[in-house]
Ligand code: HEC
């Protein structure tokens, strides 16, 4: 292969990889469950003040605040206490700064989806 062909091939590959990254970022967020009344009922078992709006806000914040350093993890992949632990770790070890109300709603969203999805 000529030098020009090689460098063209490299360029094409890096372009398609960055496209994959973009598609995944958009695709992963689109695949995240949207909160429903069922999630609200489950969340209210531990906190009667939770509303659908709180859970939707939690989902939006999760996408905005948690997807910049690594892929978003499926909420159902961890039980609620571990989500609490991971959120604490992001704040104490990874320097992620969240307002108390924001981490509360992210945790509400992740826990509700996890509780509904896990047997
Ligand atoms: C500043 C960059 C950064 C941001 C923003 C961030 N994280 Fe992380 N996260 C990391 C790093 C680095 C690791 C890997 C280190 C580790 O596992 O302790 C990690 C690991 C994790 C893990 C464990 C991953 C696994 O597969 O084992 C979870 C869960 C997690 N983050 C959740 C979150 C959540 C929820 C948020 C939003 C509040 C968040 N992260 C935002 C940097 C970040």
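Remarks
- Taking label positions 7 Å along the Cα-Cβ direction at both residue 37 and residue 88, the computed distance is 3.6 nm, reported to one decimal.
- The fraction of Cα-Cα pairs per 5 angstrom bin, counted from 0 for segment 33-117, comes to 3, 16, 29, 28, 16, 6, 2 percent, rounded to whole percents.
- Mean sequence separation of contacting Cα pairs (under 8 Å, at least six apart), scaled by the length of segment 33-117, corresponds to a relative contact order of 47 percent.
The numbers here are math on the coordinates, done by the rules we state, and not lab data. No experiment lies behind these values; they were computed from the predicted model shown. Every residue, glycine as well, gets a Cβ built from its backbone with ideal geometry; the counts of neighbours run over all protein chains shown.
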